[in-house]
Amino acid sequence: FRNSVFQGPDGRTLRYALLKPTGLEQGKRMPLVVALHGVGGRGKDKWVGNCFANGVLAKAAMREKFPCFVLAPTVKKTEKWGGDPIDDLIALIEKLSKDLPIDADRIYITGQSMGGAGTYAAIFVKPDLFAAAVPVCGRSSVEDGVGFAKKIVRVPIWSFCGDRDA
């Protein structure tokens, strides 16, 4: 992973790490997996450990079998995945999609706990950007209701939640 800082359109910053696929071929477009951390990953300097998916996708066997770009952003200790951080994340994904050989039809998002909630927030803000979403132990507000469901109905979602999650 290579650490960097993105300055969004409104001047806010979003720290992130990017892992490029191994064996990137000239002219070939690759998938992008966005992995959002939970509360415990906020404000950390080492992003590989701030989200379980980052560590799994960074393993040599996984990189060989499933070559892709992995984007691991991190919010500040006082922030959550929602509102401004999600707007900045969307802007970052769009910028990376222009600057790198990312296949716009294969942008995926996942997150655990707070990152799972952020996964729902991101697909609500820009559903057409994502090919699929995998929220893990994440939720969306019940108040979001039918309007929320109608907006994201075309995004394939594979959702996981444990029976001890409140």
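With a 1.4 Å probe and every protein chain left in place, work out the accessible area per residue of the chain in Å², rounded to a whole number. Solvent-accessible surface per residue comes out at 56 Å². Site pair Lys59 and Thr78 shows an inter-label distance of 3.8 nm when each label is modelled 7 Å from Cα along Cα→Cβ. With K and R counted +1 and D and E -1, the other residues having a Cβ less than 9 Å from that of Ala117 yield a net charge of +2. Express the carbon and sulfur contribution to the solvent-accessible surface of the chain as a percent, rounded to the nearest whole number, probe 1.4 angstrom. Roughly 54 percent, rounded to a whole number. In this view, the solvent-accessible surface of Val39, computed with a 1.4 Å probe and all protein chains in place, comes to about 80 Å². Of the whole protein surface, Phe66 contributes about 100 Å² of accessible area at a 1.4 Å probe radius.
Could you work out [θ]222 nm for the chain from helices alone, using -39500 (n - 2.57) per DSSP H run of at least four and dividing by all its residues? Round to the nearest 500 deg cm²/dmol. Walk me through the numbers on the way to the answer.
On the way: 5 runs with 49 residues, N = 166.
Theoretical 222 nm ellipticity from helices: -8500 deg cm²/dmol.
Across the stretch 1-146, Cα-Cα distances exceeding 18 Å account for 53% of all pairs.
Under the definition of Cα pairs under 8 Å and six or more residues apart, what whole-number percent is the relative contact order of the chain? Show your work: numbers first, answer last.
Details: 336 pairs, mean separation 36.5, N = 166.
This gives 22 percent for the chain.
The values are calculated or read from the model by the stated rules, or taken from the named source; none is laboratory data. Since this is a predicted model, take the numbers as computed values, not measurements. Glycine gets a Cβ as well: all are built from the backbone with ideal geometry, and neighbour counts include every protein chain shown. Ligands, DNA and RNA are stripped out before the accessible areas are found, and what is left, the full protein with its side chains, is counted by its heavy atoms. Shrake-Rupley method; radii C 1.70, N 1.55, O 1.52, S 1.80 Å.
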